[in-house]
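Below: the structure, in structure tokens.
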Amino acid sequence: MYSISILRRKSMQSKIYFKLITLLTSILFISFWIDMTFPQTLNNTTESPNRFPRMVHEYFVRHLKQLEETANKRRSAIKTAAEAEAYIRDVRGKIQLSFGPWPEKTPLNPRIVKVIERDTYKIENIIFESRPNFLVTANLYIPKGRKFPLPGVVGTCGHSVNGKASEFYQSFAQGLARLGYVVLIYDPIGQGERLQYPDENLKSKIGSPVQEHLCAGNQQALVGESFGSWRAWDGIRALDYLLTRKEVDPDQIGVTGNSGGGTMTTWLCGVESRFTMGAPGCFVTTFRRNLENELPADTEQYPPKILSLGLDMFDFLAAMVPKPVIILAKKKDYFDVRGSETAYEQLKHLYKKLGAEENVQFFAGEGYHGYTQDNREAMYQFFNNITGISNAQKEPEIVIEKDETIWCAPNGQVSELNSKPVYSFTKEKSLELAKKRQKSFTQEELKQQIIKLLRLDNLSELQRNNPTPEYRYMAHSYGRSYHNRNSYPKQFCVYSVETEPGIFAIVYRLSDERMMSRPPKENKRAVLYIAHHSSDAELREEPLIKELISIEPASVFYTCDVRGIGESKPNTCYPNSFLDPYGSDYLYAGHSLMLDKPYVGQKTLDIMRVLDWLRECGHEEVHLVGKGWGSIPAVFASVLSNQVKQVTIKNALTSYSAVAESETYSWPLSCFVPNILKFFDLPDCYKVLQEKKLRMIETLNADGKPIANQ
């Protein structure tokens with residue numbers, strides 16, 4: 001009886017469970033039906049969706065991993081001294097392809113403006129010209145009571161606001177001088193006494209040294225210059241001056257620096273063969289580690305084409321082999337010490353093949369980023385073992401000078417001595433290039449220039465191998481109110497179009513009925529709007545979209561987020577960094593420079609592949625529209641595609657020349673095409689597109705302010 005009672009009870013429970021499950025299923029079905037039928041009432045937040053926040057990041061990581069693996073295999077295949085020497089020669093040549101060509105060496109016109117006498121050394125405050133009327137401020141530390149000539153060292157500074165006067169950098173310069181080295185340490189561009197954007201109080205009007213570097217360096221790309229080369233040239237000319245001094249032994253010349261100075265030390269080891277020993281601090285890791293760790297770097301730390309040439313940071317030190325080099329790292333540095341260890345192992349392999357394994361060393365100090373005493377002492381001991389100038393194991397006592405004591409300019413800024421700022425050189429080159437450029441172009445001529453400069457050589461291969469890109473339908477895209485203006489359609493759907501492996505352009509299609517699959521082939525003509533920052537936000541806020549829908553009611557309306565904006569806006573680096581000068585958008589633009597694959601070119605490829613997809617959808621004619629950042633790839637795609645029959649751009653840049661010839665500007669590096677002003681400018685594209693009924697609305701100047709309403 002007990003068993004029968006239990007069975008009955010379980011049967012009743014099963015019926016109850018079944019009814020509950022049926023009820024819950026019904027509720028879910030009704031909720032889904034309401035959601036699908038009345039999407040305007042649900043999920044109607046102002047926050048734009050972002051379903052691919054790491055797409056761009058992982059795309060770049062994959063590329064860097066592949067390049068690193070290929071390069072590592074090449075180095076590991078080196079078995080003989082002859083093979084090692086061939087590799088080193090190849091590296092030296094490739095470095096010159098990135099950093100060259102160099103300018104003509106002009107007179108240094110050095111002058112000693114002050115001498116400071118100290119117990120065991122003296123300091124000469126010196127000004128020289130690395131380029132005509134481009135003043136460099138430096139301190140020359142000369143030991144007393146020594147027999148000359150002595151080993152010399154060029155000291156390079158990190159991102160200190162006060163440049164060579166920073167305690168870290170005074171310390172290593174003074175420490176070396178007390179040990180018997182002649183040391184020339186100079187201010188970097190945008191730091192110390194060399195601000196490029198000083199205000200009336202001789203303070204930077206744009207911010208930190210990083211801001212000065214980005215503002216001066218990013219615009220240089222447009223005229224084919226590299227800020228890393230400019231910075232390295234200062235170091236080369238500093239060496240030129242050091243070698244004029246009778247106190248210096250030209251056969252024993254070192255270079256050292258930390259952080260940004262570690263960068264310059266590394267680059268100088270690669271570009272200048274007269275250095276006989278090097279000690280870069282708190283910089284050398286691998287490009288992949290920096291990228292994986294979402295670490296942006298200054299413009300000078302993104303050498304153009306360097307990754308496409310198959311080189312890594314430590315290859316600049318490989319150019320020194322078999323000369324002595326020590327990599328200085330910190331165990332808790334944001335420059336990943338794992339990459340520093342990798343660099344050391346890769347270099348050791350080359351040194352070993354040449355029988356000089358003892359000439360490469362690695363030291364990782366305790367603590368965080370900085371040229372701290374333990375790292376300085378490792379540098380002293382390394383240089384001492386090479387030169388024999390001292391057997392000291394510890395740093396001598398250091399006495400830090402006041403900034404004013406070691407100033408070279410009367411009030412601590414060369415701007416008061418009429419030193420030319422970097423941006424004035426950029427302007428001059430832009431004007432020179434304009435005089436030499438072709439004056440008019442056919443559409444076909446511009447096509448070839450765009451393909452070449454934007455590195456779109458793979459576009460035809462993609463189109464040939466896969467004429468119609470793969471795409472996905474984003475089923476759960478309902479719930480946005482794009483129909484809150486009378487002229488808007490009431491439904492929309494979202495597609496992700498794969499423009500190249502791992503990259504998706506997100507395409508929104510507006511319609512009067514809800515769609516759950518591929519677009520119907522019902523209209524020959526379509527409007528494709530390329531978003532400035534977000535299709536979702538602009539569909540809700542941009543008046544131009546409302547206007548376009550109303551004047552082209554028979555055309556199907558699409559919007560597009562190219563890579564790196566909208567639904568693939570990176571959430572990397574630090575929170576909400578996308579629009580910051582040192583944020584996520586800049587991170588990938590910088591890596592695009594090193595890959596010799598302009599970011600704006602990648603976005604143009606996205607548009608071209610979306611146009612291929614639209615053709616498959618039956619849209620043989622496209623009115624291509626671009627706004628803001630989106631206007632630049634939209635213009636390039638409009639020139640390239642015969643499918644585009646009409647063009648409208650809003651908030652487009654007047655010209656790249658306007659940026660190159662301005663002191664300051666608001667357009668980001670991600671919108672720039674390296675060396676474009678040698679060949680053509682945006683107005684050349686605008687002129688050609690007049691044949692496609694180009695309409696320009698509220699064109700923007702270099703500072704992002706409207707200059708015309710058309």
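So what's the projected area for segment 408-559, the Cα convex hull averaged over all directions, in nm²?
For segment 408-559, the mean projected area of the Cα convex hull comes to 16.6 nm².
Can you classify segment 450-708 as rounded, prolate or oblate using the Cα gyration tensor, where a ≥ b ≥ c are the square roots of its eigenvalues, rounded means a/c under 1.5, and otherwise it's prolate if a/b beats b/c and oblate if not?
Rounded is the answer for segment 450-708, as its axis ratio a/c remains below 1.5.
Which stretch or stretches of segment 367-384 have amide N atoms under 12 Å from the point lying 7 Å from Ile398's Cα along the Cα→Cβ direction?
Inside the label zone: 370-380.
Scan around Gly626 for amide H atoms under 5 Å from its own, H built in the peptide plane at 1.01 Å from N, and keep only partners 5 or more places away or cross-chain.
It is Ile530, Thr648, Ile649, Lys650, by chain and number.
How would Thr442, Thr664 line up from fewest to most surrounding beta-carbon atoms within 10 angstrom?
Arranged by neighbour count, lowest to highest, Thr442, Thr664 become Thr442, Thr664.
Got a sec? Charge dipole of the chain, +1 on Cβ for Lys and Arg, -1 for Asp and Glu; which of Tyr686, Phe382, Pro188 is way out at the positive end?
Final value for the positive-end residue is Tyr686.
Taking Lys203 as the anchor, which lysines have their alpha carbon closer than 19 Å to its alpha carbon, excluding any fewer than eight residues away along the same chain?
Straight-distance partners of Lys203: Lys164, Lys402, Lys420.
From Cα pairs below 8 angstrom and at least 6 apart in sequence, can you work out the relative contact order of segment 56-205, rounded to a whole percent?
16
Enter the Cα centre distance for the pair segment 48-127 and segment 428-459, rounded to the nearest angstrom.
Cα centroid of segment 48-127 versus Cα centroid of segment 428-459: 29 Å apart.
³J(HN,Hα) across segment 146-158 via Karplus (A = 6.51, B = -1.76, C = 1.60, θ = phi - 60°), whole Hz, x for Gly/Pro?
10, 8, 8, x, 10, x, x, 9, 8, x, 10, 9, x
Across segment 80-429, how large is the tail of the calculated P(r) beyond 35 Å, expressed as a percent of all Cα pairs?
Here the long-distance tail beyond 35 Å is 16 percent of all Cα pairs in segment 80-429.
Rounded to the nearest 500, what is the chain's calculated 222 nm mean residue ellipticity when only DSSP H runs of at least 4 contribute -39500 (n - 2.57) each, over all residues?
Rounded to the nearest 500, the figure is -12000 deg cm²/dmol.
By count of other Cβ within 10 Å, fewest leading, how are Val414, Val399 ordered?
Val399, Val414
Among 612-621, 240-249, 122-131, how do they line up from the highest to the lowest mean number of other beta-carbon atoms within 10 Å? It would help to have the intermediate numbers written out before the result.
Numbers: 612-621: 18.6, 240-249: 16.2, 122-131: 20.1.
Those peptides, ordered most packed to least, come out 122-131, 612-621, 240-249.
Sort 226-238, 327-339, 74-86 for me by packing, meaning the mean count of neighbouring Cβ atoms within 10 Å per residue, highest on top.
Going by the mean number of other Cβ atoms within 10 Å, highest first, we get 226-238, 327-339, 74-86.
Given charges of +1 on the Cβ of Lys and Arg and -1 on the Cβ of Asp and Glu, with all other atoms neutral, how large is the dipole of segment 80-429 about its Cα centre, in debye to the nearest 20?
540
Going toward the positive end of the dipole of segment 74-138, with +1 on Lys and Arg Cβ and -1 on Asp and Glu Cβ, which of Gln96, Ala81, Ile126 do you reach last?
Checking the options against the dipole of segment 74-138, the answer is Ala81.
Given (i) 35; (ii) 19; (iii) 25 as candidate values of percent of Cα pairs over 50 Å apart, which corresponds to the one derived from the coordinates?
Answer label, from the structure shown: (iii).
Excluding same-chain residues fewer than 8 positions from Lys147, which lysines have a Cα within less than 16 Å of its Cα?
Partners found: Lys122, Lys246.
Using r as the Cβ-Cβ distance of Asn465 and Asp251, and R0 as 51 Å, what FRET efficiency do you calculate, to the nearest 0.05?
0.35
Taking θ = phi - 60°, what integer Hz values does the Karplus form 6.51 cos²θ - 1.76 cosθ + 1.60 yield along segment 334-350, in sequence order, with x for Gly and Pro?
Karplus values, whole Hz, x for Gly and Pro: 6, 6, 4, 5, 4, x, 5, 5, 4, 4, 4, 5, 5, 5, 4, 4, 5.
Return the subset of Lys114/Lys144; Lys436/Lys693; Lys627/Lys692; Lys305/Lys435 for which the Cα-Cα distance in this structure is over 20 Å, preserving the input order.
Checking Cα-Cα distances, Lys436/Lys693; Lys305/Lys435 exceed 20 Å.
If r is the Cβ-Cβ distance from Lys705 to Leu243 and R0 is 45 Å, what FRET efficiency results, to the nearest 0.05?
Working from the Cβ atoms, E equals 0.40.
Values quoted throughout were computed directly from the atomic coordinates according to the rules given, and no laboratory measurement underlies them. Remember, it's a predicted structure, so these values are computed and weren't measured experimentally. Virtual Cβ from ideal backbone geometry, glycine too; neighbours counted across all protein chains shown.
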